[in-house]
Amino acid sequence: MNVGVFIVIVAVLGCMCVALLFTNKGKTAGWLQFRAKGVDSGFSLAEISLLYKLALKSNMEDPSALFWSQNQLDLCIRSFVRSMHLSGKTDDQGNQDFLSKLYDYRKKIEMNKPIFKNGISSSRQMSEGQHLRILVPNTGVFQSEVIKITNSYLTISRPVSNKTPVSLSWYGMKISVYFWREDDAGYVFDSEVIDEVFSKGISSLKIEHSDSLFRTQKRRSVRVRLHKAAFLYLADGYSGTPGRVETVPGLKCILEDLSDTGCAVGVGGQAAAGLRVKIQFALNNVPICMVGTVRSVDYWEETNRSTIHIEADPLSLEMRNYILGEVFGMLPEDEEDELPFRMLDEDAKKMGSRMQNNDTDPEALEAADE
């Protein structure tokens, strides 16, 4: 063999060995960095190994990004959920435990966003249309909403209640205002009524601003907006299995939002806080049941409809995972959900009547709208 050719071959092989060495070192360094971040994030070595495989399967340039990037983590979770469904191992306890841990971490990333962490300090930062609850000492709790905001005062609709005297005079009255800010927390502040006016054709009150808002009940979960048919059941003294599917008729309602800690449901008529209820609906044609307590109610007299905010009892691991799959958009796309049973209008009327006959509990004012 020509000496020159031999030297060239040796040089090429040497370059290949060096490149391979650096590549292996790079992979090793990448794995070590990934493992360190996984341990810091609370995952076991077995879970970290599986996460690394999911990251590589998702063609991530930097696998470690899934520990801080919501989008990268979503890719891994979707890949894992898809694998569970394709393998038919959705009921496997180990898979459900790992999926629950992934959702908890996903929830942590979401809740660390500024929209969840940063609150407001002044009523001037409120939004028009914000629903309010007005507490008048020794009188009761009223419903209202923000009509207009100026730098000098806040204009709210004249507070209403089914127990309020029509002739009630608001001028000069000292009130406490409670509201739940979207994707944030509950707030309370004290104010005084400056005047009774008409604003935008609505009987309204001008009240003083406050720069001392007290932030309470910070949201504990991420929720998703929905408009989904559901059934509502009264659950006073309910002793059955919470996830058991009901086959008897229930009250038709609309599921308006959903989280792993509760939901909001729209119903006809005026509902009341403090009720024990069960909600049944479907996600990807899988029946989901939640038993919980009505913590607060928003009632709109002009449409005679209520939105009830329900705090759910603890859910089974599998059902919680399924709900979080809907919240984070991880469920595989499927046909439109169809509830597998019908409801009888007569039973709905009876249930609606029972709901309306319950008195509103003023103590629910301080409860979370979860």
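Reported count of residues in the range 186-208, each being of a type in the set (Gly, Ala, Ser) and surrounded by fewer than 17 Cβ atoms within 10 Å (Cβ to Cβ), is 3. The single condition among (1) assigned to a strand (DSSP E or B); (2) within 30 Å of Gly42 (Cβ to Cβ); (3) not hydrophobic (A, V, I, L, M, F, W, C) that Lys148 does not satisfy is (2). For the residues Leu75, Leu102, the requirement of being touching a helix residue (DSSP H, G or I) at 6+ places or on another chain (Cβ under 7 Å) and of a type outside the set (S, T, N, Q) singles out Leu102. Residues considered: Gly172, Gly201. Of these, the only one that is at pLDDT 90 or above, of a type outside the set (A, V, I, L, M) and on the phi > 0 side of the Ramachandran plot is Gly172.
The values are calculated or read from the model by the stated rules, or taken from the named source; none is laboratory data. Just so we're clear, the structure is a prediction, and the values are computed from it rather than from any experiment. Counting neighbours? That spans all protein chains shown, and the Cβs are built from the backbone with ideal geometry, glycine included.
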